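Student: First, the structure itself, so that you have it in front of you.
Bear in mind these aren't lab numbers, they're just calculated from the coordinates by the rules spelled out. Given the structure is predicted, the values throughout are model-derived calculations rather than measurements. Positions of Cβ are backbone-derived with ideal geometry, glycine not excepted, and every protein chain shown enters the neighbour counts.
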Amino acid sequence: MATALLIIGIGYYVIAFLFAWHEGRRRVIGFIPALFIAYLIPLFGIFIVESFRLRTAGCKWCGNKYNEAEYCGVCGKNKAGESKLGSKKLT
């Protein structure tokens with residue numbers, strides 16, 4: 001019984017480490033705070049880390065810094081500059 005709990009605990013900490021490493025690179029929070037949150041608050045800490053915004057958020061075409069979607073809500077373009085069908089264009 002104790003061995004099974006030890007394996008489950010080690011497994012959780014490995015998964016939490018990998019999650020913090022992956023999301024820490026993508027999100028504003030960074031690796032170390034994401035790791036502490038994932039370790040100290042099991043399961044619910046994952047939702048806390050996911051609530052932080054992405055590092056690369058924003059539209060490089062119109063400067064909308066709040067854009068996190070695939071297509072910008074202001075200019076209607078994606079990262080490659082392709083316009084979405086039916087979008088409103090400012091220019």
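Student: Please work out which residue is nearest to R26 (Cα to Cα), limiting yourself to the range 47-87 and to residues that are under 21 Å from the mean Cα position of the chain (by Cα) and of a type in the set (G, A, S).
Tutor: Of everything passing the filter in the range 47-87, A57 is nearest to R26 (Cα to Cα).
Student: Sticking with this structure for a sec: With I37, I48 as the choices, which residue is of a type in the set (V, I, T), surrounded by fewer than 16 Cβ atoms within 10 Å (Cβ to Cβ) and not in a loop (DSSP other than H, G, I, E, B)? Steps first, answer last, please.
Tutor: Numbers: I37 fails: surrounded by fewer than 16 Cβ atoms within 10 Å (Cβ to Cβ).
From the options I37, I48, the qualifying one is I48.
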